[in-house]
Amino acid sequence: MNKVTHFHLPVDNVERAKEFYQKIFDWQIMDSGFDRDYQIINTVATDEQGMPLETGAINGALFKREKVEECPSVVVTVESIDESLLKIESMGGTVIRPKEQVMEMGYFAEITDSEGNLIGLWEDLE
């Protein structure tokens, strides 16, 4: 079974959103180190690799909204993005952002499901 492992929140004003989520939910939000407008959100304590220490918990990110239609989304970790994209398209989903490598961490793609919901896909690098 593939798990939801991350979430994305597009925002219009990064600093305002950081302050909001930090004060309302007590989330820790920090620069990603690879893009000033992409901020890592820790909703729970993490290990040295940034993975949640609590079973079932997920962390996320907020980033500068580039298009008005960008919306919050979840990210599902899959074994193979290539295989998942084939299944998704055969079931009426659409590839929005094709598979791309993210530094030396893994691969990312975005799709819409059969109902138009935006979902990210993540594949860890071996």
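Every number here is computed from the coordinates shown, using simple stated rules; none is lab data. Bear in mind the structure is a predicted one, so any value in this text is a computation, not a measurement. Reconstructed Cβ throughout: ideal geometry from the backbone, glycine too, with neighbour counts over all protein chains shown.
Percent of Cα-Cα pairs more than 21 Å apart in the chain, please.
Numbers: 3276 of 7875 pairs.
Summing the P(r) of the chain above 21 Å gives 42 percent of all pairs.
Pairs from the table (Lys67/Lys99; Lys3/Lys87; Lys64/Lys87; Lys23/Lys67; Lys67/Lys87) lying more than 24 angstrom apart at Cα are Lys64/Lys87; Lys23/Lys67; Lys67/Lys87. For helix 81-90, report the angle its Cα long axis makes with the longest principal axis of the Cα atoms of the chain; keep it between 0 and 90° and round to the nearest 10°. Roughly 60 degrees, rounded to the nearest 10. Spin-label model, Asp37/Leu125: points 7 Å from Cα along the beta carbon direction are separated by 2.5 nm.
Grab the eigenvalues of the alpha-carbon gyration tensor for segment 1-67, scale each by 5, take roots, and send me the semi-axes largest first in whole angstrom. Before the final figure, lay out each step's value.
Working: eigenvalues 84, 37, 27 Å².
Semi-axes from the Cα gyration tensor: 21, 14, 12 Å.
According to the calculation over all Cα-Cα pairs in segment 78-126, the P(r) per 10 Å bin from zero is 29, 55, 15, 1 %. Considering helices alone, the calculated mean residue ellipticity of the chain at 222 nm is -5500 deg cm²/dmol, with DSSP H runs of length four and up weighted by -39500 (n - 2.57) and normalised per residue.
As a ratio to 2.2 N^0.38 Å, the alpha-carbon radius of gyration for segment 32-97 is 1.38.
If you take the Cα centroid of segment 57-126 and the Cα centroid of segment 1-37, the two points sit 17 Å apart.
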